[in-house]
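Only the coordinates and a few stated rules stand behind these numbers; no lab work does. Quantities reported herein were computed from a predicted structural model and do not represent experimental measurements. Every residue, glycine among them, receives a Cβ derived from its backbone with ideal geometry; neighbour counts consider all protein chains shown.
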Amino acid sequence: MIGVYDSGYGGLTVLRALRSALPQHDFVYLGDSGRAPYGGRDSDTLLDFAEQCTERLFEEGCSLVIVACHTVSCIALRHLQRRYVPAPSAPRRILGVTIPAAQAAVAASAGHIGVLGTERTIASGTFEEEIAKLGPHRVTGCAAPLLAPLVEEAWEDTEIARMAVERYVRSLPDVDTLVLACTHYPLLLPAFHAVVGPGVRVLDPSPHVAASLVDWLARHPGFTAPGQGRLSVLCSGDPVVFQRHAERFLGSALSAVQHVEEEGGRLARRDALTNRRGQVVR
């Protein structure tokens with residue numbers, strides 16, 4: 001079973017590509033929507049959240065976890081791999097989205113790559129680091145904190161979204177390849193295609209992440225066996241809201257979403273969302 005972890009809804013765009021490439025595999029998706037957005041969080045908080053979500057997926061029976069969130073992949077992936085992968089009694093792996101995205105960008109670019117992402121993704125410098133390992137490309141990053149909230153509000157087809165996209169693209173002059181380094185941004189592809197200059201390739205990393213995983217599984221036969229194409233979905237926010245938004249990201253409706261909630265430093269399944277009103281004391 002393969003686990004997919006994201007800060008909220010956006011990783012469903014990655015899950016969509018993964019399920020298309022690996023239709024016989026069983027997936028568990030965990031969206032930490034109750035604590036999103038991640039883009040402005042400090043590093044220690046991101047590490048805490050990433051540990052809890054990864055451990056929850058291991059407890060769900062996943063031996064392979066894909067960190068679909070670009071912010072977590074840029075900030076916490078190495079930490080997660082060092083903390084959890086050395087477990088010979090229970091072989092497991094944690095893979096991210098940054099390296100497949102960097103590889104795809106280098107393959108597509110003539111020399112100047114632009115990266116749009118959250119504040120933490122851009123500030124981390126991880127894309128510059130990974131691209132530098134692959135070629136002498138110039139990299140220009142730009143944080144785009146307004147775009148994910150617009151998608152969350154289902155405003156991706158509005159003039160406001162197009163204007164915001166245009167404003168951010170304008171800050172990346174002369175790039176020939178533009179990496180959408182946030183899983184929300186693929187829903188804004190029409191807006192990006194409408195405003196980028198001629199010859200600029202807009203790169204959604206999701207299909208490249210899926211192709212990379214197919215290759216990884218071929219090189220690690222038997223690590224995780226195909227199943228029956230089942231999907232389980234967990235979220236830390238409101239399951240009803242999550243289910244309502246999910247179809248736009250996943251491309252299909254979800255039959256059920258289960259709630260998880262932090263308790264004692266870990267995420268535990270809950271039958272229903274706990275709605276606290278007024279003053280809270282613990």
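Structure notes:
- Scanning segment 253-267 for residues that are on the phi < 0 side of the Ramachandran plot and touching a residue at least 40 places away in the same chain (Cβ under 8 Å) gives Val260, Glu261, Glu262, Arg266, Leu267.
- The strands (runs of 3 or more DSSP E) located wholly in segment 1-86 include none with 3 or more residues which are more than 20 Å from Leu213 (Cβ to Cβ) and of a type in the set (Gly, Ala, Ser).
- Candidate set from segment 96-117 (those that are touching a Pro at 6+ places or on another chain (Cβ under 7 Å) and closer than 20 Å to Phe192 by Cα); member that is surrounded by the most Cβ atoms within 10 Å (Cβ to Cβ): Ala101
- Filter result for Leu146 (surrounded by fewer than 24 Cβ atoms within 10 Å (Cβ to Cβ) and farther than 19 Å from Ile2 by Cβ): yes
- Matching entry among Ala191, Ala132, Ala144 (being small (Gly, Ala, Ser), within 29 Å of Ser43 (Cβ to Cβ) and touching a residue at least 12 places away in the same chain (Cβ under 8 Å)): Ala144
- Among the residues of segment 118-136, just one is closer than 21 Å to Tyr185 by Cβ, aliphatic (A, V, I, L, M) and surrounded by fewer than 18 Cβ atoms within 10 Å (Cβ to Cβ), namely Ala123.
- Once segment 173-193 is narrowed to residues that are under 16 Å from Trp155 (Cα atoms) and surrounded by fewer than 19 Cβ atoms within 10 Å (Cβ to Cβ), the residue that is nearest to the chain's Cα centre (by Cα) is Leu189.
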